[in-house]
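Notes follow the structure.
Derivation of every value follows stated rules applied to the coordinates shown; laboratory data play no part. These numbers were taken from a predicted model, which means no experiment stands behind them. Heads up, the Cβs are rebuilt from the backbone with ideal geometry, glycines too, and the neighbour counts pull from every protein chain shown.
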Amino acid sequence: MDEMPVLVYLEDYMNIEKYISENLYLESGYLNMELILSTPYPFIFLPAARGTGKTYGALSYYLKNDKKMMLLRRRQNEADLQLSHDSSSFLEPAEDAGIEYWIQKQKRTGLLYKEGSEDWCAFIAALATFATVRGAFNFANVTDIFFDEFIAETHVQKIKNEGMALANLYESVNRNRELKGQKPVKLCCAANSVNMANDTFMYFGIVTDAEEMMQAGQEVRVIGNKLLILPQHSPISARKAKTALYEAVNQEFSDMAINNKFILNDFSYVGRRNLKDYQLLFKAGDLYFYQHKADKTYYVCQTAGTTKNSYASGYAGLEKLRRDKHRWPAYYLDGKISFDNYLSIALFEKYFDLS
C-alpha cells in the first residue's frame, strides 16, 4: 500500500465534508485513514466494504505516529487472536513499515511494544470483558480507541446493549481529561456494512443519517462532534468485483463486501404516509402506532400525536407492551406495517425484542 500523505490541518477549510470527500481515497484506491483519523472529531464511524484498507490503514497510522491506542474487539475470543503475534492485525502494517514488535499478554488483555522501546504503544482488549479488567490498568495516556468490526456479522454473537457498553468503556478511558483542558480520546469504529440498525448507531443517534447518506450517495457527514463516513465509490471495491470470489458468490454477499450495502436491512417497509388517513392507537417509547382508517393497515413513525395509551421504553414498559400488543410482530412479519424511516424499524424491532 502506498505512503499516506501528510494531512493539511482541516480547520483551515470552510467545508470540511467536501474536503474529506475529495481526499477520501489514496491514489492506490485505498481509504485515506491518516486523513480520517486526523480530523478533529472525537467520534468516527466507518462502515466500509471489505479490503478497502480501514484496519490496515488505521493501525499503520497509530504505529507510525506513536499513538498510545486501544485495539478493541467485541468478544474475548476475537481479542485472543490479537494477542498472538502471528494472528495480530498489526502484523502486516508493522512489517511493511519495518517495525518489529512483541506482545506482553496479561489476564484477558495484552500490551504491544515496539522492539527496543520500554513503553507500550497498544492495549488490546475485548468489549465484552472490559469491565472485569478496567480497574487493573491506567488509561490516562490512551489517546485513541479503534473498535474493529463494531457491527456484528450474522455468525457473530452480539453483546446486549452494545452501544451503552461502548459508551461506558469510553467514559472509563476518557474520564475527566476534558475538564482538565486535555483533548478527548478519539474513538474510531470500523466494520463491514452489515446492519444499519446496529446498537452503536442507535445509541449514538446516527441511523437516520446513515439512511439519508445511502439514499443520496453521500460519503461523508459531520453530525455535531461525530464523523460518519460511508464509502460508496471505492476504487478498490470496483477492482475486487472482477475477482474470482465475487464472480462466484451470490449478490447479497457482494452487496455487503463490495458495494457497501447494509444487507440485513429491508427498506421495502419504509415510506412516509399522510397521517390524515390514520388514527393513533398508542405510543411506545419514541414510536407512535397508527391504523389506517380504511384498509386497516398500520403505520409506525416518530411523528407525535396525542394519546393516553402509552408505554415507557424501560424494562417494565416494554414487557407490558409485548404482553398487550403481542400481535404486532406478526403484523410486521406479514408486511402490514409501514414505517417513516429505518430508525423506526430498528426501534420497533428493539421494543418487541426482534433484533
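Quick look at the numbers
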| read-out | value |
| --- | --- |
| Spin-label pair Lys183/Lys296, simplified geometry with 7 Å Cα→Cβ offset, distance in nm | 6.1 |
| Estimated dipole of segment 268-351 in Debye, rounded to 20 [Cβ of Lys and Arg +1, of Asp and Glu -1, Cα centre] | 220 |
| Value of relative contact order over the chain, rounded to a whole percent, pairs C-alpha under 8 Å and six or more apart | 16 |
| Potential extension, Glu171-Gln279 segment - 0.36 nm per residue separation minus Cα distance | 34.6 nm |
| Rounded to 5, percent antiparallel among DSSP beta bridges of segment 268-351 | 60 |
| Listed values (i) 22.1, 75; (ii) 20.6, 67; (iii) 19.1, 59, entry calculated as Rg and Dmax of the Cα atoms in Å | (i) |
| Fewest-first sequence of Lys186, Lys336, Lys105 by Cβ atoms within 10 Å of each Cβ | Lys105, Lys336, Lys186 |
| Neighbourhood net charge (14 Å Cβ-Cβ; Lys/Arg +1, Asp/Glu -1) for Gln182 | +4 |
| Violating pairs (Cα-Cα greater than 30 angstrom) within the set Lys107/Lys158; Lys18/Lys283; Lys67/Lys180; Lys114/Lys160; Lys67/Lys226 | Lys18/Lys283; Lys114/Lys160 |
| Cβ-defined net charge surrounding Arg221, 13 Å radius [Lys, Arg +1; Asp, Glu -1] | -3 |
| Peptides 25-34, 56-65 ordered by average Cβ neighbours within 10 Å, highest first | 56-65, 25-34 |
| Aspartates and glutamates whose Cα lies under 19 Å from that of Lys325, excluding same-chain neighbours fewer than 8 positions away | Asp286, Asp334, Glu349, Asp353 |
| Ascending count of other beta-carbon atoms within 10 Å, so fewest first, for Ile223, Ile44 | Ile223, Ile44 |
